[in-house]
Amino acid sequence: VGADQVFLMPAKQPPHKPGVRLAGEADRLAMCRLAVGGDALLRVSDLEMRLPAPSYTVNTLRALHDSYPQAELFFLCGGDMLLNLSQWREFEQILHLCTICAVPRGEDDLARLGERAAQYRSLGGRVILLPMEPVDISSTEVRRRLAAGESIDGLVPPRVAGYIARQGLYGVNSKIKE
């Protein structure tokens, strides 16, 4: 899938993570900007930060359509998200607002993802499976390692790791910033 722009968009408050202690909005935006660096294809957007909480994908896609009415939207997600999409708010609308591009994660297999993609296609959705070597990185694991004082080398870009350490995020130095 070729793209003109890829938006990295931190959620204001993910509905599937109630009670999870997230870094503050400004910190999460700053980490996204550090992760993107100078890549011309990648852009950081604060759109979800400006929408009412919790952050529902369907609302984000509607807002993107309002801002970019001629754009064809693609939603990149892990295979685990594709398997659970039917539980998301207004998932049928999500299927019609964008093309879903799902990447397998370690616990997913292509056969299960293929079956789910076929179900969504039967509802009129556009789903692309992007087979690639699974990358076993999750925000939960990054936060767990930081809280335990373990290294996050290779899990986040070095500039992001430095920011986390300087700001004392996620239990680093026992200071969690909210």
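Worth pointing out:
- All positions within the range 1-51 that are more than 20 Å from Cys98 (Cβ to Cβ), at pLDDT 90 or above and open to solvent by 70 Å² or more (accessible area, probe 1.4 Å): Ala26, Arg33
- Pairs are defined by a Cβ separation below 8 Å, a sequence spacing of at least 6 or placement on different chains, a first member in the range 7-19 that is of a type in the set (A, V, I, L, M), and a second member that is surrounded by fewer than 16 Cβ atoms within 10 Å (Cβ to Cβ) and modelled with pLDDT of 65 or more; the pairs so defined are Leu8/Arg43; Met9/Asp46.
- A single member of Glu72, Glu133 is among the charged types (D, E, K, R), under 20 Å from Glu48 (Cα atoms), open to solvent by 80 Å² or more (accessible area, probe 1.4 Å) and outside any strand (DSSP E or B), and it is Glu72.
- Of all residues in the range 104-119, those satisfying the criterion of being within 19 Å of the chain's Cα centre (by Cα), open to solvent by 30 Å² or more (accessible area, probe 1.4 Å) and not acidic (Asp, Glu) are Arg105, Gly106.
- Against the list (1) under 22 Å from Ala11 (Cα atoms); (2) touching a residue at least 40 places away in the same chain (Cβ under 8 Å); (3) open to solvent by 30 Å² or more (accessible area, probe 1.4 Å), the condition Cys101 fails is (3).
- Residue, modelled with the lowest pLDDT, within the range 136-178, restricted to residues that are aliphatic (A, V, I, L, M) and not in a helix (DSSP H, G or I): Ile176
The values are calculated or read from the model by the stated rules, or taken from the named source; none is laboratory data. None of these values were measured; they are calculated from a predicted model. As a convention, Cβ positions derive from the backbone with ideal geometry for all residues, glycine included, and neighbour counts pool all protein chains shown. The area values use the complete protein model at the heavy-atom level, side chains included, leaving out ligands, DNA and RNA. Shrake-Rupley method; radii C 1.70, N 1.55, O 1.52, S 1.80 Å.
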